[in-house]
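Chemist: Mind having a look at this structure? Questions to follow.
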Amino acid sequence: MIKTVKADDKIQEEILRAAINLYRKHGPAKVTMDEVANATGRSRTSLYYYYKNREEIFRAVLDTIVDDVIAEIKRDVNNAGTIHEKIHAFCSAKITTSGRWRYVFKAMWDSMNAEEQTKHTKIMEALHSKLVYKEGLIIKEILSESIGKNEIRPITATEQDMLGFILSSSVRGLRNEIHYKNDPHDMKEALSMLSDIISSWILK
């Protein structure tokens, strides 16, 4: 029987979700192909139809996480109305999604020894770069749409790129200080002010 693309996609998603759950408990370095196969109710041989080895599964898991985060941010942005609301939705969604995945990554990281952590650092850095790049594309989409509707002044491609970088970096900074370092400032107020500042610059 020939598998359809839709069926393959569903099976791959099941494999990656099972892998994520195992990573939370044991860390990616300790999870074997057999364990992933058992968690999905499939044979190890069947996994090789989709992934060559553990490393390929791990990278696919990270790609899935990025896709999930970006999809959620896009959904919230698309549901917002004005340019100011879209920017605020972007900031809020970044905080929400990062908070949700923080515990997964922490559990994975804590389960690794020093050698394993060193090995996976570059992979995690690549994940971060990919996420930042895709976040920047969302910002550019927001700005391009508003420019096309004459809702905001024209902004050059270079300015759009810089604005995306500043916005993403600012939200990460707020998250790190308030959530991770227990700074007493209120996150909602901080995001609201950041959105006001960005919107004012765009509309001036």
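Chemist: Quick one: in the stretch 64-86, which of the residues that are over 17 Å from the mean Cα position of the chain (by Cα) and among the aliphatic types (A, V, I, L, M) is surrounded by the most Cβ atoms within 10 Å (Cβ to Cβ)?
Modeler: ILE83
Chemist: Can you run down the residue pairs with Cβ atoms below 6 Å, 6 or more apart or on separate chains, where the first is in the stretch 22-39 and at negative phi and the partner is of a type in the set (Ser, Thr, Tyr) and outside any helix (DSSP H, G or I)?
Modeler: HIS26/SER111; ALA37/SER43
Chemist: Filter the stretch 87-111 down to residues that are surrounded by 17 or more Cβ atoms within 10 Å (Cβ to Cβ) and within 17 Å of ALA29 (Cα to Cα) and give me whichever is farthest from the chain's Cα centre (by Cα).
Modeler: Per the criteria, the residue is SER111.
Chemist: A further question on this structure: Evaluate the following for ILE142: is it outside any helix (DSSP H, G or I), farther than 22 Å from VAL61 by Cβ and in contact (Cβ under 8 Å) with a residue 24 or more places away in the chain?
Modeler: No: the conditions fail for ILE142.
Chemist: How many residues are within 16 Å of LYS86 (Cβ to Cβ), assigned to a helix (DSSP H, G or I) and hydrophobic (A, V, I, L, M, F, W, C) if we restrict to the stretch 148-165?
Modeler: Number of matching residues: 1.
Chemist: Taking helices (runs of 4 or more DSSP H) that fall entirely within the stretch 1-93, which contain at least 3 residues that are acidic (Asp, Glu)?
Modeler: 5-26, 54-79
Any read-out appearing in this document is the output of simple, stated calculations on the displayed coordinates, not a laboratory observation. Predicted model, so just to flag it, every value in this text is computed and none were measured. Glycine gets a Cβ as well: all are built from the backbone with ideal geometry, and neighbour counts include every protein chain shown.
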